[in-house]
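Some notes on the structure that comes next.
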Amino acid sequence: MSDVYSPVAGPHTHATAGVGGIMLQVMLALVPATLFGIWLYGWPALNLFVVTLSTCAIAEALSVRIGGRSAAAALGDGSALLTGWLLAMTLPPWAPWWIGVVGGLFAVMVGKQVFGGIGQNLFNPAMLARVVLLIAFPLELTTWIAPQPLTQTGSPGFVEGLAITFTGVTPERLDAVSSATLLGHLKTEIGRGTQLTAALDGWYEPSQAWFGHMAGSFAETSALLILLGGLYLMVRRIIDWQIPAAMLGTLALLASLMHMIAPERYADAGVHLLSGGVMLGAFFIATDPVTSPSTLRGRLLFGAGCGLLVYVIRSFGGYPEGVAFAVLLMNAVTPLIDHYVRPRIYGRDIHGRPRTIASKPKPDAEKPS
Amino acid sequence: MILRLFRIRGGVHPPEHKHPTASRPIEACPLPARLYVPLQQHIGAPAEPVVQVGEKVLKGQLIGHAQGPVSAPVHAPTSGTVTTIAPHAAPHPSGLPVVCVTIEPDGEDRWESAPAETDPFLLTPREIGERVAAAGIVGMGGAAFPSAVKLGAATRTPIHTLIINGGECEPYLTCDDRLMRERAVEVIDGVRIMLHGTQATRALIAIEENKPSAIRELKRAARIDERVMVVRIPALYPMGSEKHMIQTLTGRELPPGRLPADLGLIVHNVATAFAVHRAVRFGRPLISRIVTVGGGALREPRNREVLIGTPIEDLVECCGGFAEEPARLLMGGPMMGQVIPWNAPVVKGTSGVIALTREEIHIGETRACIRCGRCVSACPVGLMPLEMASRIRADQFDGAVDHGLNDCISCGSCAFVCPASIPLVQFFNFAKGELVARKTAQDKSQVLKLMAEQRQARLEREAREKAEAAARKKAEREAAKRAEQEAAARETGT
Amino acid sequence: MYAAIVVLTAMGLSLGFVLGLAARLFRVEADPVAEKIEALMPGSQCGQCGYPGCKPAAEALARGEASVTLCPPGGRALAEELAQLLGVQADLSGVKDAVPMLARVDEDLCIGCLKCLRACPTDAVIGAAKQIHCVLPEACSGCGKCVDVCPTECMQMLPIEPTVRTWRWPKPVLAAA
């Protein structure tokens, strides 16, 4: 009965969800899209995935040890693995191994631990690493390949896969498979003055886009599987609907609007929603609890901001895809949102002043009968 | 007739664990070897003892009378001898002692007076208030605010609605549930007495939907008075909080620093209504209450009718003792209850004694906040607990107050849902205490400053007076000298 | 180029003149900051800071000669307020709130010499010559001046014992950051 006497404040019962459990649920929700990505792009994709995740785990353990804390406890919350997982999903699947290593180290050490570890970082570590990689190694980060499903004859075998990832040697017969992403292709073509319909011809098929059978990053192409994962997280109450709904809604609204104004220049909502990293961004990246606002109204604002920025960058910016930049920019204003968008306090008005009481209290109209 | 209910913000659904005690009738508890009756069992000033050590007391006899406007008297729970009036362990998280009157029962349980029934509806509201005050009735939901003070507010502000709180939203606790099921007629009588005492036009008895039998029993008993209405409210923690019960039933919010009476409302617990029935109709003071003795560490969880002052150990003993060593022993429910020392007595505000196992507490190791916002969504007041806690951690109390620390009702919903197991409530308790301590220190410092200034002024005045006195004396001396000289001169002159 | 030099020099001179004039015309006699600081200080003139009283300490603070952490009775709360008033960043991590103490007379040893009574800055000691003295707890600032002058060591500084009413929740101790 020794600890009965020590003052411990309530509550003396707790909900079951823990930090590690939350991270585990998110990873679980990512599994279908990840398996699909590995199947679609073959052994090199799996190699890159393994390299990125292990780098993140090692970087986390190392940083925490340097800080004099227990590595096992830090790894136990699964946040480093999740960071690596999300980063891997946004990389070109046949990128060389060192992209995963540099990205993983940057994400965990600079993106997270420098700020003080989990919960302290201002920016989403995975997106920070991705943007750094994109700027530092533009060639490797924009070399996409057409799908090479594992089950398809001619796709690289296990040894060939190792060679692609670790030596950068692509078998000659596979040289021709590199391809542009839909968004990259559109940017080039529209920039050249091609009409949208012509540019989309043979490139965009909604059903294909839903399933993700196209060139793109490792596992963010299958809109359907990402959506399913996201819905799972909502059902399990790991994420709220506010950020995904606001982000996708804003993007769809803007795309439809601009498509109506100039149908041959601006792609419609379908193209925007089903291509690139929007789905992954809306359900898995922007919803990162650490770097998004903590109030529901703040999250609506945050999601809408992400949607707006994605559209602006895609349509008017220099890069074909803007999810990472949009999320990072909104991360930067999250503290501001949290400062200004607060819930109304009971008994007070929205400005925090006590509510006034009507002069004469009177009973409600209803009378018990 | 259906009353329109209003939604409250946030809230949580902790596992109820009410079944083990809800299905069994209330049982009495054997007379313990000693009763420790604290002189302070309520909010306000402690009672002043009116008995001597060695004195024989009878059941229901006054042993401590109320002091000041907010206080409550204390009565002997049984007949016996006062053995000591000394500090004894209190049911308080600090484990510090308070002054208790220790009574050794003589086993006769002899009342001070024979029972005499009066018709409460022939009394004036003022007389009802006086009887409630004399019976030492305090809020029995846990806050222990003297009930007569609340009833007395009705004489200053008109009250239109009496709200009877039968929410019992805390897990494990079923004492109000059992009371309503077994003594519905008495509860309704108490409610009607309070209606008469406040001159309110209606009474709303709010009961959570997870207590269908209690709702049924009370509805049946309430048929005799059309002003009394039983309302089924959603089962959601912290529905039993006064502020949230008012919001649920009326849609109105209580601004900070205001009382329900300002809205024409008054809120009392069902157990208080029962105590009022006993006190006003039969002239019996509050000397016992129903306590839920529960928790996974207990062998036979039960609702017991217990004399005030019964040591927790005796209470646990009469419920079969512990099946395993409890990880925490609580007074009240697991959400807002407090850890208490094991030899503390049952007091008027004790709704439950809960012995929890480690598995039931289910608290993980505290981790860093991941800003998931679950606490923000769960807060029934609309605060941002994570922001408040991060500021308190850095000792930035002003920042925490700016985020609404003073509006926090300590319900624990935030800490309940926190996936990082951060002791949010303790952070807020600490900061609230620190703010009070600072205010006290500041007040004292003001007093001391004034005293130092007065002393300084006095010293200066004394110095000045001394100097003046010295100067006067000198002047007198000189005048005398001069006079002497003049006299001498005159003498020589003549 | 010469024009620029001339103009700039002239500007510099005239502005300097105006500044000098303003300094003379709007000179502030007393130091308002020192007064503000003094208002914040405990005011019991206990002298624990090393200055003869609160006013000299406030003046030293205003001149920047003393640290905002100089006042033990004010504790951390005062240090924070002073740092805010003076606009300085102070490292308050080392400032622990001193345990509040109260003076108490050991009645077996007191000889009724009146020395403590005269030394007390807040008149918290009551008593008469050859009578046992007594400390009024609500008036005692805990400065300890009486202990220094007591010839029989009967004055003791004792920490205030918490009661159920004055007990406060401790700050939660978190293991990992």
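Of all residues in the stretch B:243-259, those being more than 10 Å from chain A (Cβ to nearest Cβ) and open to solvent by 10 Å² or more (accessible area, probe 1.4 Å) number 1.
Output yes when any residue across the stretch A:137-154 is open to solvent by less than 20 Å² (accessible area, probe 1.4 Å), touching a residue at least 60 places away in the same chain (Cβ under 8 Å), touching a Leu at 6+ places or on another chain (Cβ under 6 Å) and not acidic (Asp, Glu), and no when none is. So far as the stretch A:137-154 goes, yes, one or more of its residues are open to solvent by less than 20 Å² (accessible area, probe 1.4 Å), touching a residue at least 60 places away in the same chain (Cβ under 8 Å), touching a Leu at 6+ places or on another chain (Cβ under 6 Å) and not acidic (Asp, Glu).
Of all the listed residues (A:Glu189, A:Glu220), the sole one being among the charged types (D, E, K, R), free of Cβ contacts under 8 Å to residues at least 40 places away in the same chain and open to solvent by less than 60 Å² (accessible area, probe 1.4 Å) is A:Glu189. When we screen C:Pro121, C:Pro172, C:Pro162 for residues that are farther than 30 Å from B:Leu424 by Cβ and assigned to a loop (DSSP other than H, G, I, E, B), the only hit is C:Pro121.
Taking the stretch B:355-374 as the range and being within 8 Å of chain A (Cβ to nearest Cβ), surrounded by 24 or more Cβ atoms within 10 Å (Cβ to Cβ) and farther than 27 Å from A:Gly119 by Cβ as the test, only B:Leu356 passes.
If the condition is being open to solvent by 70 Å² or more (accessible area, probe 1.4 Å) and in contact with a strand residue (DSSP E or B) (Cβ under 7 Å, 6 or more places away or on another chain), then the stretch C:157-177 contributes only C:Ile160. For the stretch A:312-344, the tally of residues that are assigned to a helix (DSSP H, G or I), under 30 Å from B:Val381 (Cβ atoms) and of a type in the set (Val, Ile, Thr) stands at 3.
Return the residues of the stretch B:393-435 that are within 14 Å of chain C (Cβ to nearest Cβ), aliphatic (A, V, I, L, M) and either within 26 Å of the chain's Cα centre (by Cα) or open to solvent by 10 Å² or more (accessible area, probe 1.4 Å) (or both); say none if nothing qualifies. Result: B:Ala394, B:Ala400, B:Val401, B:Leu405, B:Ala415, B:Ile422, B:Leu424, B:Val425, B:Ala431, B:Leu435.
May I ask you to list the residues in the stretch A:120-158 that are part of a loop (DSSP other than H, G, I, E, B) and not polar (S, T, N, Q)? Residues satisfying the conditions are A:Leu122, A:Phe123, A:Phe137, A:Ala146, A:Pro147, A:Pro149, A:Leu150, A:Gly154, A:Pro156, A:Gly157. On the stretch given as the stretch A:4-51, residues that are more than 7 Å from chain B (Cβ to nearest Cβ), in contact with a strand residue (DSSP E or B) (Cβ under 8 Å, 6 or more places away or on another chain) and either farther than 18 Å from A:Gly100 by Cβ or free of Cβ contacts under 8 Å to residues at least 60 places away in the same chain (or both) total 1. Of note, B:Lys444 satisfies the criterion of being in a helix (DSSP H, G or I), closer than 21 Å to C:Arg168 by Cα and open to solvent by 10 Å² or more (accessible area, probe 1.4 Å). Condition first: at pLDDT below 80 and closer than 18 Å to A:Trp85 by Cα. Can you find one or more residues in the stretch A:225-234 that meet it? No: zero hits. In the set B:Ile164, B:Ile215, B:Ile205, B:Ile188, only one residue is farther than 24 Å from B:Gly333 by Cα and open to solvent by less than 10 Å² (accessible area, probe 1.4 Å); that residue is B:Ile188.
Across the stretch B:458-467, not a single residue is classified as part of a helix (DSSP H, G or I), at pLDDT below 90, within 30 Å of C:Ala124 (Cβ to Cβ) and at the interface with chain C (Cβ under 8 Å from one of its Cβ atoms). When the stretch B:220-233 is filtered for residues that are in contact with a Ser or Thr (Cβ under 8 Å, 6 or more places away or on another chain), part of a loop (DSSP other than H, G, I, E, B) and not basic (Lys, Arg), only B:Glu226 remains. Summed over the stretch A:72-81, the residues that are on the phi < 0 side of the Ramachandran plot and open to solvent by less than 20 Å² (accessible area, probe 1.4 Å) give a count of 4.
The values are calculated or read from the model by the stated rules, or taken from the named source; none is laboratory data. The structure displayed is predicted, hence computed values, not measured ones. Here Cβ is always computed from backbone atoms with ideal geometry, including for glycine, and neighbour counts include all displayed protein chains. Only protein heavy atoms, including side chains, enter the accessible area calculation; ligands, DNA and RNA are left aside. Shrake-Rupley method; radii C 1.70, N 1.55, O 1.52, S 1.80 Å.
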